[in-house]
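> Handing you this structure, nothing more for now.
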Amino acid sequence: MEDQTLKAASPVEAPADDAAENCACRHKHREPAEYDALIRRLNRIEGQVRGVRGMVEKECYCTDILTQVSAIQSALNAFSRELLSNHIHTCVVTDIQNGKLEVVDDLLSTIQKLMK
């Protein structure tokens, strides 16, 4: 079985797998500093999730596990806030400058999804 862990590949290598290249989703080039910061956060979250799995396997007390789950949720929220901020400062600003005002509706829809 192939290792499925996140690897901190360079931004040029990031979409190298066939699924990423052939997906119907939009793409965004990220500067190395932004890419590295996001990957670091995701790696940390991935480690936290593995830690919770270990706690379940070791039959740890419920509230101890719930405390760690809460920390993971906070970390995911922080990741989302950082990604949203980057999105607004780059994609949204660029689209507005290019007259693509529909990006505002897309942004509002994204924020509504995040606030559920």
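The values are calculated or read from the model by the stated rules, or taken from the named source; none is laboratory data. Keep in mind the model is a prediction, meaning the values are calculated, not measured. Neighbour counts run over all protein chains shown; Cβ positions are idealised from the backbone, glycine included. For accessibility, only protein heavy atoms count, side chains too; no ligands or nucleic acids. Shrake-Rupley method; radii C 1.70, N 1.55, O 1.52, S 1.80 Å.
> Taking the conditions exactly as written (modelled with pLDDT under 95 and basic (Lys, Arg)), does Arg26 satisfy them or not?
Judged against the criteria, Arg26 is a match.
> Additional query: Inside segment 77-98, can you point out the residues that are open to solvent by less than 80 Å² (accessible area, probe 1.4 Å) and under 18 Å from Leu114 (Cα atoms)?
So in segment 77-98, the residues open to solvent by less than 80 Å² (accessible area, probe 1.4 Å) come out as 78-80, 82-88, 90-96.
Ala78, Phe79, Ser80, Glu82, Leu83, Leu84, Ser85, Asn86, His87, Ile88, Cys91, Val92, listed by residue number.
> Can you spot a residue in segment 31-38 that is open to solvent by less than 60 Å² (accessible area, probe 1.4 Å), aliphatic (A, V, I, L, M) and free of Cβ contacts under 8 Å to residues at least 40 places away in the same chain? It would help to see each step written out before you state the result.
Looking only at segment 31-38, we keep the residues that are open to solvent by less than 60 Å² (accessible area, probe 1.4 Å), and these are 34-35, 37-38.
If we keep only those that are aliphatic (A, V, I, L, M) as well, we get 37-38.
Now drop any that are not free of Cβ contacts under 8 Å to residues at least 40 places away in the same chain, which leaves none.
No: zero hits.
> Any residue that is modelled with pLDDT of 95 or more, of a type in the set (Ser, Thr, Tyr), part of a helix (DSSP H, G or I) and farther than 30 Å from Leu108 by Cβ - is there at least one of those in segment 57-66?
Scanning segment 57-66, I find at least one residue that is modelled with pLDDT of 95 or more, of a type in the set (Ser, Thr, Tyr), part of a helix (DSSP H, G or I) and farther than 30 Å from Leu108 by Cβ, so the answer is yes.
> If you check Lys113 against the conditions, is it open to solvent by 60 Å² or more (accessible area, probe 1.4 Å) and either in a helix (DSSP H, G or I) or aromatic (Phe, Trp, Tyr) (or both)?
In short, yes.
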